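The structure under discussion appears below in the form of structure tokens.
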Amino acid sequence: MEHLRGIDLQSFQIGEVETRPAGKDLLVSYVITARGTHGGQPIPETPIRMMSVWQELGHGWVLVTHSDGGTK
């Protein structure tokens, strides 16, 4: 969480969104490009592939893991 607190996000773009069901899980992959700073330093405006796994529980969906696959 400390890492996230140091981000000053000015704008972002999300594309190439794909979802794939896997039992009670939902795999979500996408490409994000962000503009802003982290710890006062500019965030590289390079597209980054991301993947998240969400799991359906009795009260809704919960993020169970997230991965940054690196630049596109």
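Pairing each residue of segment 39-51 that is polar (S, T, N, Q) with any residue that is assigned to a strand (DSSP E or B), provided the two are 6+ apart or on different chains, yields C-beta distances under 8 Å for T46/T33; T46/T71. Restricted to segment 41-54, and to residues there that are open to solvent by less than 60 Å² (accessible area, probe 1.4 Å) and not hydrophobic (A, V, I, L, M, F, W, C), the residue that is modelled with the lowest pLDDT is T46.
Of all the residues in segment 1-40, those that are within 19 Å of V62 (Cα to Cα), surrounded by 13 or more Cβ atoms within 10 Å (Cβ to Cβ) and among the small types (G, A, S) number 1.
The values are calculated or read from the model by the stated rules, or taken from the named source; none is laboratory data. Everything numeric in this text was worked out from a predicted model, so none of it was measured. Note that we place each Cβ from the backbone using ideal geometry, even for glycine, and neighbour counts take in every protein chain shown. Remember, those area values only see protein heavy atoms, side chains included, never the ligands or the DNA or RNA. Shrake-Rupley method; radii C 1.70, N 1.55, O 1.52, S 1.80 Å.
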